[in-house]
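Following: one structure in structure tokens, then a few remarks.
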Amino acid sequence: MVALLASMPYWAQSLLRVLGGIVAVLLPAGTIVYVFLFKMMSFMQSRLGPMEAGPYGSMQLFAEVGKWLQKEDLYPERADKFIFKIAPLIVLTSTFLLVAVVPFGPDAWFTNFEAGVFYALAVSSVSVLGILVAGWASANKYSLLGGLRAAGQLIAYELPMVLAVVGVVIQAGSMNLQQIVVAQNAGEIFGWNGLGNPYILTQFVGFVVFMIAVQAELTQTPFDMPIAESELVSGYMTEYSGFRFLIFFIAEFATAGVFALIASVLFLGGWGVPFAWFGWESLGDIDNWMNVVGPLIMFSKMMLLVFLIMWVRFSFPRFREDQLQRFAWKVLIPVSLVNIMATAVLKVAF
Amino acid sequence: MAKVPGLFKGLGVTLNTMVETITKGANTVQYPHEKEAPPIRARGVIALHEGNCTSCMLCARSCPDWCIYIEGHKELAPPRRAGGKPRQVNKLDRFDIDYALCMYCGICVEVCPFDALFWSPEYEYSEPRIADLLHDKAKLGEWMETVPEAPELEAGAEKKGKK
């Protein structure tokens, strides 16, 4: 398969990568919306959710997309039209850029970027721009407040997220996501290598901080101040309808999926199985079938993490703005700084 | 930190509800496919027992939003006993209830002195055209079939009137 890919002309490889990227973004997004937003949320509220479109409502998403595509492409009279129109695309672009560095198998990756972690964290903050711009261009007081709240919140939670990842980077000794996967699966716990060494064990504090920060970055409840529908009428999305709203909607859940993918790479061992099971030593020994099994493993780990995100979302009420900021600056950042220090000391000691 | 146990308790509630819904089924009813029987005294639709109506207009006048339309005329009926005078009776020409206006207060049913109006728990009579919500005498008469038997009186209660 690798040989086949290498023998293809450059344009064909690029086309394949683009198609792969679209699948890697849209497939998780659709699955997340159906499994978690439609079904799990309903079950948690003792109802069944959509049941009419397709068996158990499985075609509901297509019905929704069809509905949104039919709607008129509205924009407010005093909106900054060009910016208003491209804002959702900025948000979706950041999702696509984000998935580019996620490794799905020993050879199944889009780009094997040396500073992958750095790139992922940098690109994920591009979505803030899209949201801020959407809030501003709507020429609507609710949207503006929502956009500003989003900016304040996303910047505040970017920091604990970066700091939580630093612990992983210190332990793996690399910023390359592929190397982080290899380091986890080739690792051993006090000489026992049956489980590899997924960093959720050693970096549990980092994992918790990272997941909380992801929750906030995705503006999921309890961190949904920017889109608080009861006070801000969905914040920066107030004025959006039709397919532009659809793009925001896809971006929200696609980003949830991609962040869960990145979290599974950083903390749960990514696509790999513990190398000791099959007697592999390094990246070069891995059998080719891992390129097929790897994405499936990634997908199941993603579903697990998204389940956590959505479970929290459907359980807790919204934070107040001051509580939200205090939690980021007074709790998460100090905790992750202490975590970095402890990791660094232990790294040197062992 | 004192709030942490509460957080897990909250997560437990939603998880338990999810497991219960999956194993025991949801609290909701999938309406067009399965139906809940409404309570026996539910205010679904008002049925007319035409034979009891004397077109006295009490219901039409007491209706808060004037959704009952009655028209009638007087007729001479044969005398009850041989050699008597012919009786004058009120004949009902029109008895319509506009369910687009009705607010289901039930005053007409309460006020009817001759037991001509009854509550029926039937509720599935929505229409695509609002004008079709005007139920005429015949349709109101059909609803009589869905009127449940009056519940048993309490022990020792005095039976009043006749049905």
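The values are calculated or read from the model by the stated rules, or taken from the named source; none is laboratory data. Given the structure is predicted, the values throughout are model-derived calculations rather than measurements. Using ideal geometry, Cβ is built from the backbone for each residue, glycine included, and neighbour counts are taken over all protein chains shown.
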Just one of the numbered conditions (1) within 29 Å of A:S42 (Cα to Cα); (2) of a type in the set (A, V, I, L, M, F, W, C); (3) surrounded by 20 or more Cβ atoms within 10 Å (Cβ to Cβ) is not true of A:V265; which one?
-> (1)
A:Y142 outside any helix (DSSP H, G or I), in contact with a helix residue (DSSP H, G or I) (Cβ under 6 Å, 6 or more places away or on another chain) and closer than 26 Å to A:Y236 by Cα | no
Could you say whether any residue in the stretch A:314-322 is over 19 Å from A:I180 (Cβ atoms), within 14 Å of chain B (Cβ to nearest Cβ) and assigned to a helix (DSSP H, G or I)?
-> yes
Check on A:S282, in contact with a Leu (Cβ under 6 Å, 6 or more places away or on another chain) and either surrounded by 13 or more Cβ atoms within 10 Å (Cβ to Cβ) or in contact (Cβ under 8 Å) with a residue 24 or more places away in the chain (or both) = no
Options A:P160, A:P198; residue that is over 22 Å from A:M298 (Cα atoms) and crowded, with 20+ Cβ neighbours inside 10 Å | A:P160
Which of the following residues is modelled with pLDDT under 90 and farther than 26 Å from A:R47 by Cβ: B:G44, B:G84, B:G10?
-> B:G84
Restricting the search to the stretch A:289-313, which residues are more than 14 Å from chain B (Cβ to nearest Cβ) and either aromatic (F, W, Y) or part of a loop (DSSP other than H, G, I, E, B) (or both)?
-> A:W289, A:F299
All positions within the stretch A:77-107 that are surrounded by 16 or more Cβ atoms within 10 Å (Cβ to Cβ) and outside any helix (DSSP H, G or I) = A:A79, A:A100, A:V101, A:V102, A:P103, A:F104, A:G105, A:P106, A:D107
Could you look through the stretch B:21-31, keep only residues that are more than 7 Å from chain A (Cβ to nearest Cβ) and modelled with pLDDT of 85 or more, and pick out the one that is farthest from the chain's Cα centre (by Cα)?
-> B:T23
Identify the residue in the stretch A:37-56 that is more than 11 Å from chain B (Cβ to nearest Cβ) and not in a loop (DSSP other than H, G, I, E, B) and, among all such residues, is nearest to A:F316 (Cα to Cα).
-> A:L37
Quick check, is A:K347 in a helix (DSSP H, G or I) and either within 14 Å of chain B (Cβ to nearest Cβ) or within 24 Å of A:L159 (Cβ to Cβ) (or both)?
-> yes
Set B:C102, B:C59, B:C108: member being within 20 Å of B:H135 (Cβ to Cβ), in contact with a strand residue (DSSP E or B) (Cβ under 8 Å, 6 or more places away or on another chain) and in a loop (DSSP other than H, G, I, E, B) | B:C102
